[in-house]
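The next block holds one structure in the form of C-alpha cells; read it before the comments.
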Amino acid sequence: MKTDELISLLAQDSPVRTHLGASLALALAGGAAAALALLGGTIGLRPDLASAVETSRVLFKISFTLLLAVLAGWMLFRVGRPGLKLRPRLRLLLLPLGLLLLAVSAELVVLPRARWMECLEGLHASFCLFFIPLVSVAPLVAILWALRGTAPADPGLAGAAAGLAAGAIGAAVYALHCPDDSPLFIATWYGLAILIVSATGYVAGRRLLRW
C-alpha cells in the first residue's frame, strides 16, 4: 500500500471512531437518564436511602452495581471496532465479580447458617427479576442504536456486551429503590436479571448488528 493511500484510509477511519465514541457516550448517558426517569416515575427511590447508604451493605450494593456498569460501558467502546481485542477489558470485569464473591463469603461467615436462605430469598426476588430487565430496556435500545452502524467481528458478542452494560445500568438504578441489601441476594437475583438482559442483547445483536 502506498503512503498516500494509507494516510487517506486513516483519515477516513478517524471520523468513524469519533462518531462511535460520541454515539456510545450519548447512548449510555441517555439510557441511564431514561432508566432513572422510569424509576422516579414508578416505584421511586428507597424512602430511607439517605440513612441506608451509610450502612456497609447498601453502600456495597450501590458501589458494586455502579462499578459493573462503568466497566461494562467502557468495554463497549471496543466492541464496534474490528481488530480491537476485548480480552483486556473483559478481565477488568473480574474486579467487581471478585468483590461480590468476597462480600458473599464474608456474609456466609458472619451470619448463622439458619439465616442464609432468608437472605438469599429476600423480600422482592420476583419483582427484582421483573424490574431490572424492564428498566434496562431503554439503555439496551440506545446502545444497540449506537452500535448499529459499526462492524463488530461477532455481532452476538457485541449484543451481549450491550446487554451486560444495559443490565448493569438497570441494576444500579434499581439498587436505589431495592430494600434487599444482602450480597447473597445481589449475587443471585441481580446476577440472574443481568444475565437475562445480556442474553436478550445477544439475540438482538445477532439480528441487528450483522454486516
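Assorted remarks:
- Tail weight of P(r) past 24 Å, computed on alpha-carbon pairs of segment 107-211, percent: 33
- 3J(HN,Hα) along segment 100-112, derived from phi through the Karplus expression 6.51 cos²θ - 1.76 cosθ + 1.60 where θ = phi - 60°, amounts to 5, 4, 5, 5, 5, 4, 5, 5, 5, 6, 6, 7, x Hz, with x in place of Gly and Pro.
- Fluctuation leader among G31, G201, G44 - the chain, Gaussian network, Cα springs under 10 angstrom: G44
- Of all accessible heavy-atom area on the chain, the percent that carbon and sulfur account for (1.4 Å): 69
- Taking all protein chains into account, the per residue accessible area for the chain stands at 53 Å² (1.4 Å probe).
- Cα-centred dipole magnitude for the chain, charges only on beta-carbon of K, R (+1) and D, E (-1), debye, nearest 20: 640
- Karplus-derived HN-Hα couplings along segment 62-77 (A = 6.51, B = -1.76, C = 1.60, θ = phi - 60°), whole Hz, x at Gly and Pro: 5, 5, 4, 5, 5, 4, 4, 5, 5, 5, 5, x, 5, 5, 4, 5
- Residue with peak Gaussian network fluctuation, the chain [Cα springs, cutoff 10 Å], from C178, C128, C119: C119
The values are calculated or read from the model by the stated rules, or taken from the named source; none is laboratory data. Note that the structure is a prediction, hence the values are computed from the model and not measured. We place every Cβ from the backbone using ideal geometry, glycine too, and count neighbours over all the protein chains shown. Surface accessibility is based on the protein's heavy atoms, side chains included, excluding ligands, DNA and RNA. Shrake-Rupley method; radii C 1.70, N 1.55, O 1.52, S 1.80 Å.
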